[in-house]
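**Q** After the structure tokens below, expect a handful of questions from me.
The values are calculated or read from the model by the stated rules, or taken from the named source; none is laboratory data. On a predicted model such as this, the values are computed, not experimentally measured, just so you know. All Cβ positions, glycine included, derive from the backbone under ideal geometry; neighbour counts span all protein chains shown. The area values use the complete protein model at the heavy-atom level, side chains included, leaving out ligands, DNA and RNA. Shrake-Rupley method; radii C 1.70, N 1.55, O 1.52, S 1.80 Å.
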Amino acid sequence: MNAQRTLRRTVSCTGIGLHSGNKVTLSLKPAAADYGIRFQRSDLGGLEIPAIVTHLGGIQYQTGLTREAVSVETVEHLLAALTALGIDNAIVELNSPEVPIMDGSAAPFVHLIVNEAGVKKLASPRRYLKVLRPIALTQGDKRIALYPAEHLKVTYSISFDHPLLRHQSRTMRISEESFVEDIAPARTFGFLKEVEMLRQRGLALGGSLDNAIVLGETGALNALRFEDEFVRHKILDVIGDLTLVGHPVIGHLVAHRGGHALHTAFAAKILEETDAWKLVEAPADTDAVLVPGARTLGAARLAH
Ligand SMILES: [Zn+2]
């Protein structure tokens, strides 16, 4: 059986929100099978907000979730780490609205999950959303589509009016290992010329060279971790946003010039097009999708 997973124990970290600048403590807690990923605001009585697109909140320079006037923000990097490491069920507790940005990547969350929490298998099968026919969404010059495939693959291309970012493109088969090595460390990025505009709108108040790549007129103000760190971060973002369909996806996602608005609109469209996919318990090649596999970092820590 391709089993659902949760965390072995509760873990916490503290940081600041990228947009709010507020200090926040994040706790990840184990949860039962079929619970899914749900956020809780401990400062507001603990109302649960499931990480599904029906609870989508703000999508301006981040992805937020909302339910009954309670919201959480900047969930995408944490969701990417949980999804890519195959954590189907977890409680995410915050004592402030915004998930901590940490270093701007998903690597600190991977460390927290793999090295501190550990991963536990549950006695229920995981169900994947397997794509049967293409689903596509276009918004102006932005495009996103999902095609049938035997594994989760992502092709992303970006194009900005900046010398470093005229064109970057990458195709990746997403496994635990490839995510941890090639995607999780890629940091969020922003343009120096937009910082003042963002701050006037109450955004990026916690942003700094410690948690984002900042692009000046001709280049980055900080050292890059990968030459194409920008498109890798876009892949990270779309894996996080795609989590909001509620199941790990089997298909080939192709996106061009996307952002959180496009990614999340697409997650909603996927769920609407119920004839374009089916839920399956185990793919033919179980080594190929996000979680299973002996080579993974998490495998050594699995509880059997
Ligand atoms: Zn991001």
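**Q** If you scan region 96-116, which residues turn out to be hydrophobic (A, V, I, L, M, F, W, C) and more than 22 Å from I213 (Cα to Cα)?
**A** L112, I113, V114
**Q** May I pose another question? Considering only residues that are of a type in the set (G, A, S) and touching a Gly at 6+ places or on another chain (Cβ under 7 Å), which ones fall in region 55-85?
**A** G57, G58, G64, S71, A80, listed by residue number.
**Q** Additional query: Quick one: which of T14, T6, T66 is part of a strand (DSSP E or B), among the polar types (S, T, N, Q), in contact with a helix residue (DSSP H, G or I) (Cβ under 8 Å, 6 or more places away or on another chain) and at negative phi?
**A** Unique residue meeting the criteria: T66.
**Q** What is the number of the single condition among (1) within 13 Å of the ligand (Cβ to nearest atom); (2) under 21 Å from F230 (Cα atoms); (3) open to solvent by 20 Å² or more (accessible area, probe 1.4 Å); (4) not aromatic (F, W, Y) that E73 does not meet?
**A** Unmet for E73, out of (1) within 13 Å of the ligand (Cβ to nearest atom); (2) under 21 Å from F230 (Cα atoms); (3) open to solvent by 20 Å² or more (accessible area, probe 1.4 Å); (4) not aromatic (F, W, Y): (2).
**Q** Check G190 against each of (1) crowded, with 18+ Cβ neighbours inside 10 Å; (2) in contact with an Asp or Glu (Cβ under 8 Å, 6 or more places away or on another chain) and name the one condition it does not meet.
**A** Looking at each condition in turn, G190 falls short on (2).
**Q** Right, L65: within 16 Å of the ligand (Cβ to nearest atom), at pLDDT 95 or above and closer than 27 Å to E176 by Cβ or not?
**A** Spelling it out, L65 is indeed within 16 Å of the ligand (Cβ to nearest atom), at pLDDT 95 or above and closer than 27 Å to E176 by Cβ.
**Q** Still on this model: Quick check: is even one residue across region 200-213 assigned to a helix (DSSP H, G or I) and more than 14 Å from the ligand (Cβ to nearest atom)?
**A** Yes, the conditions are met somewhere in region 200-213.
**Q** Next question, about the same structure. Any residue in region 134-154 that's within 12 Å of R257 (Cβ to Cβ): show its pairings with residues that are open to solvent by 70 Å² or more (accessible area, probe 1.4 Å) at Cβ separation under 7 Å, as long as the two are six or more apart or on different chains.
**A** D141/R257; K142/R257
**Q** Here's another thing I want to ask about it. So, in region 244-258, how many residues would count as being within 16 Å of the ligand (Cβ to nearest atom), open to solvent by less than 20 Å² (accessible area, probe 1.4 Å) and over 15 Å from K153 (Cβ atoms)?
**A** Number satisfying all stated conditions: 2.
**Q** Taking region 233-243 only, how many residues are open to solvent by 10 Å² or more (accessible area, probe 1.4 Å) and out of contact with any helix residue (DSSP H, G or I) (no Cβ under 7 Å at 6 or more places or on another chain)?
**A** Of the residues in region 233-243, 1 are open to solvent by 10 Å² or more (accessible area, probe 1.4 Å) and out of contact with any helix residue (DSSP H, G or I) (no Cβ under 7 Å at 6 or more places or on another chain).
**Q** Among the residues of region 141-177, which ones are part of a strand (DSSP E or B), surrounded by fewer than 16 Cβ atoms within 10 Å (Cβ to Cβ) and among the aromatic types (F, W, Y)?
**A** Y147
**Q** Among the residues of region 99-122, is there at least one that is assigned to a loop (DSSP other than H, G, I, E, B) and open to solvent by 40 Å² or more (accessible area, probe 1.4 Å)?
**A** Yes - at least one qualifying residue is present in region 99-122.
**Q** Additional query: I need the full set of residues from region 259-271 which are among the small types (G, A, S) and within 15 Å of the ligand (Cβ to nearest atom), in order please.
**A** G259, A261
**Q** Follow-up. Quick one: would you say T83 is closer than 26 Å to G207 by Cα, within 16 Å of the ligand (Cβ to nearest atom), of a type outside the set (D, E, K, R) and open to solvent by 20 Å² or more (accessible area, probe 1.4 Å)?
**A** In short, yes.
**Q** Taking G58 as the residue in question, decide whether it is farther than 18 Å from P248 by Cα and within 16 Å of the ligand (Cβ to nearest atom).
**A** Answer is yes for this residue.
**Q** Right, something else. Please verify whether region 226-234 includes one or more residues that are within 16 Å of the ligand (Cβ to nearest atom) and among the aliphatic types (A, V, I, L, M).
**A** yes
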